[in-house]
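Single-structure report; data block below.
The values are calculated or read from the model by the stated rules, or taken from the named source; none is laboratory data. Source: prediction; values computed, not measured. Using ideal geometry, Cβ is built from the backbone for each residue, glycine included, and neighbour counts are taken over all protein chains shown. We work out accessible area using only protein heavy atoms, side chains counted, and drop any ligands, DNA or RNA first. Shrake-Rupley method; radii C 1.70, N 1.55, O 1.52, S 1.80 Å.
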Amino acid sequence: METFLGIDYPTLWYLVVGLLFSGYAILEGFDYGAGAWHLFLRKDLSRRIAINAIGPLWDANQVWLIIGAGALFAGFPVMYATMLSAMYVPFMLFLMFLVLRSAAIKFRSAEEMLWWRKTWDVIYCGSNTAIAFLLGVVLGNVLQGFELHENHEYKGGAFLTFLNPYALLVGLTTLSIFMTQGAIFLLLKTEGRLYARFTFLLKKAMIFFILSFVFTSFYTLIYLPGVADKFKEYPAFFILPIAAFLAVANVPRLVSKKKYMQAMIFTSLTMSFLLMLVAFQMYPVLLPSTINPDFSVTIYNAASSQKSLGIMLTIVLIGAPLLAFYFLFLYRTFKGKVQLDDTSY
């Protein structure tokens, strides 16, 4: 098996896919979180400001989803096909809400009628909330595993089996951290009475996140078998849960001092550490089988050919700096408080 810097190609591609989806969760997460607060704002002007805060960023942030999905399909086509079979319903709902969210951003301010704007307000808030929740639901199901038989054939149960207790908890935790990050982001982009409003809402979001995080953590430790086995084998990786806990604990401290940019960084670090924890816990498995561990989808039995992975890794080495430069330019260009004009949503 070919290697680069002593790491085999499937493992490198596992890291690449994980990095792309981490970038998506961090950068698009605050967009979804900001949208989930939409109906908590009473005035039309406040809602316009909140939408325009993410206006220059939301469609660019979705690039991470497109690249991540493409990388997953190119690197691990077996995993891509199996997960779509197992999670067909939530993925179709996810795509539907993505379309509705985009339409709401574009159409909401196109007409002056009150009923028109209120309808799109409900669609916008509901879509953002549902997307954030569904992302967590999918992650919760992946962590639990699927009824995979030989040849990675999925033979799941009823229509709504993906809405199990653990997946619901992970969904709520995902929504809560997105809403926390969304509130922090809007504090960085607003001023006056709207700023004061988000100062209040952020406190509620942090309570929501801490409670859901604690419940989900205890559920994971108690009900998911073998969750601590990897740490017994590699005790040095205990640094990941410790770092995640410290990052979570640091957010309320920074918020109390009104250091919102630093708080934004630490919510992003929290998501990074939690996703790294998931990646470490599962490696080299991509989709666990609850029927027989031998039927699980791994990075080795799901990967493309060595030649394909090698070519794609070369493309990554070229494209990654360009992508990083683009996003640095984008966020630097649109930093500062929101100012509405004739071109605003």
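Across the range 1-62 the C-alpha pair distances fall into 10 Å bins from zero in the proportions 20, 32, 20, 15, 10, 4, 0 percent. In sequence order, the range 119-128 has phi-based couplings of 4, 5, 4, 5, 5, 5, 5, x, 5, 4 Hz under the Karplus curve 6.51 cos²θ - 1.76 cosθ + 1.60, θ = phi - 60°, and Gly or Pro positions carry x. Taking each residue as 0.36 nm, the span from Thr3 to Ile207 lengthens on full extension beyond its C-alpha to C-alpha distance by 68.9 nm.
Stokes-Einstein, applied to the Kirkwood radius of the range 199-239 over Cα pairs at a viscosity of 1.306 mPa s and 10 °C, places its translational diffusion at 130 µm² s⁻¹. What longest region of the chain stays clear of GluC sites (Glu not before Pro) that DSSP places outside H, G, I, E and B and that have at most 16 other Cβ atoms within 10 Å? By the stated rule (loop sites, at most 16 other Cβ atoms within 10 Å), 192-345. Neighbours of Val297 by Cβ distance under 13 Å: Lys/Arg scored +1, Asp/Glu scored -1, total -4. Per residue, the accessible area of the chain comes to 50 Å² when a 1.4 Å probe rolls over the protein heavy atoms.
How large a share of the accessible area of the range 102-241, in percent, is made up of carbon and sulfur atoms when the probe is 1.4 Å and the other protein chains stay in place?
In the range 102-241, the share of accessible area belonging to carbon and sulfur is 70 percent.
May I ask you to compute the full-extension gain from Leu340 to Arg42, defined as 0.36 nm times their residue separation minus their alpha-carbon distance, rounded to one decimal in nm? Gain on stretching Leu340 to Arg42: 105.5 nm. When only Cα pairs below 8 angstrom with a gap of at least 6 residues are kept, the chain shows a relative contact order of 27 percent. In this structure, the pairs whose alpha-carbon distance is over 32 Å, taken from Lys106/Lys189; Lys118/Lys257; Lys118/Lys155; Lys230/Lys257; Lys106/Lys337, are Lys118/Lys257; Lys118/Lys155; Lys230/Lys257. Put simply, when 249-256, 312-319 are sorted by average Cβ atoms within 10 angstrom per residue, most first, you get 249-256, 312-319. Protection proxy ranking for 69-75, 297-303, 192-198, 226-232, using the average of other Cβ atoms within 10 Å per residue and placing the highest first: 297-303, 69-75, 192-198, 226-232. Taking the structure as given and computing percent of Cα pairs over 27 Å apart, which label from [x] 58; [y] 48; [z] 43 fits? Entry [y]. Between Ala60 and Phe91, the distance separating the two model label sites (each 7 Å from Cα on the Cα→Cβ line) works out to 2.9 nm. Ordered by solvent-accessible area of protein heavy atoms (1.4 Å probe), largest first, the residues Lys189, Lys257 come out as Lys257, Lys189.
What net charge do the residues around Val338 carry, taking every other residue with its C-beta under 13 Å from that of Val338, with Lys and Arg at +1 and Asp and Glu at -1?
+3
Distances over 22 Å make up what percent of all Cα-Cα pairs in the range 102-206? Roughly 53 percent, rounded to a whole number.
When the Cα gyration tensor is reduced to axis lengths a ≥ b ≥ c, the ratio a/c is 1.5 or higher for the range 193-345, and with a/b not above b/c it is classed as oblate. For the range 56-196, the relative contact order works out to 21 percent when only alpha carbon pairs closer than 8 Å and six or more residues apart are counted.
Net charge in the neighbourhood of Met271 (other residues with Cβ under 14 Å of its Cβ; Lys, Arg +1, Asp, Glu -1) is -2. Remark: relative contact order (the range 203-326) = 16 percent; criterion is Cα-Cα distance under 8 angstrom and separation of 6 or more residues.
Taking amide hydrogens as modeled 1.01 Å from N in the peptide plane, which residues meet the under 5 Å criterion relative to Thr290, leaving out close sequence neighbours? For Thr290, whose amide H was placed from the backbone, the distant partners under 5 Å are Phe146, Glu147, Leu148. Calculated over the range 233-281, the projected area of the Cα convex hull averaged across directions stands at 3.1 nm².
When the label point is put 7 Å from the Cα of Ser305 along its Cα-to-beta-carbon vector, which residues of the range 1-39 have a backbone N closer than 18 Å? Hits in the range 1-39 for Ser305 at 18 Å: 1-3, 9-10.
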